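Every read-out reported here was derived from the displayed coordinates using simple, explicitly stated rules and does not represent laboratory data. Everything numeric here is computed off the predicted structure, so don't read it as measured data. Positions of Cβ are backbone-derived with ideal geometry, glycine not excepted, and every protein chain shown enters the neighbour counts.
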């Protein structure tokens, strides 16, 4: 049931992944789910760059670590190592990108559509017991060089994915009633 999947969805970080490969067919099904997200004026602004091979994930890790090192005034070795190792610990990493026509819609609408596409992927991953974590590090603005993005494209973050063994802890939320005002 969808309501159960929504409640079960969690961020599961790469150190919890067990290195079991995610078959390409699973990734394709997950990407197909993203494609059914709502989008104003049917712009479908999402653009995904999939790093599935060990080589591409290692290249991403090296890029993230070296970029962090070059732009950070307050360098921390543990952050450098985390930037490098998170893609390596994942079975797949999807760069969450957006392509847009500035004359058609406001940027926030396109970001919302991309976010809904990611939510579709995340819910399907939850159903398939694939751990997922969306990371948008400060250096995300540098990602266009790694992915050779066009001027109308930008990277919004990385979706780290992998199977996991231990169930994630339950997370209590404040009641929805405290966040709703009936008018």
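From the Cα gyration tensor of the stretch 18-165, with a ≥ b ≥ c the square roots of its eigenvalues, which class applies: rounded if a/c is under 1.5, or else prolate if a/b is larger than b/c, or else oblate? Here the stretch 18-165 falls in the oblate category.
Note on residue 8 and residue 103: with the Förster distance fixed at 30 Å, the Cβ-Cβ geometry gives a FRET efficiency of about 0.15.
The calculated 222 nm mean residue ellipticity attributable to helices in the chain amounts to -13000 deg cm²/dmol, summing -39500 (n - 2.57) over DSSP H runs of n ≥ 4 and dividing by all residues. Take every Cα pair under 8 Å whose residues are at least 6 apart in sequence, average their separation, divide by the length of the stretch 1-136, and the relative contact order is 43 percent. A straight line joining the Cα centroids of the stretch 104-131 and the stretch 16-64 runs 11 Å.
Oblate is the label for the stretch 36-76, because a/c, from the alpha-carbon gyration tensor with a ≥ b ≥ c as root eigenvalues, is 1.5 or above and a/b does not exceed b/c. Once you've got the GNM for the chain with C-alpha springs shorter than 10 Å, pick whichever of 150, 34, 65 has the biggest mean-square fluctuation. For the chain, modelled as a Gaussian network with Cα springs under 10 Å, the answer is 150. Each label point was placed 7 Å from the Cα along the Cα-to-Cβ direction; for residue 58 and residue 179 their separation is 4.2 nm.
DSSP finds beta bridges in the stretch 18-165, and of those with both partners inside it, around 100 percent are antiparallel. Given springs between every Cα pair under 10 Å in a Gaussian network model of the chain, which of 13, 144, 52 has the largest fluctuation? For the chain, modelled as a Gaussian network with Cα springs under 10 Å, the answer is 144. Taking the chain as a Gaussian network of alpha-carbon nodes connected by springs under 10 Å, the highest mean-square fluctuation of the residues 136, 56, 70 belongs to 70.
Shape class of the stretch 21-99 from the Cα gyration tensor (axes a ≥ b ≥ c, square roots of the eigenvalues): oblate, since a/c reaches 1.5 or more and a/b does not exceed b/c.
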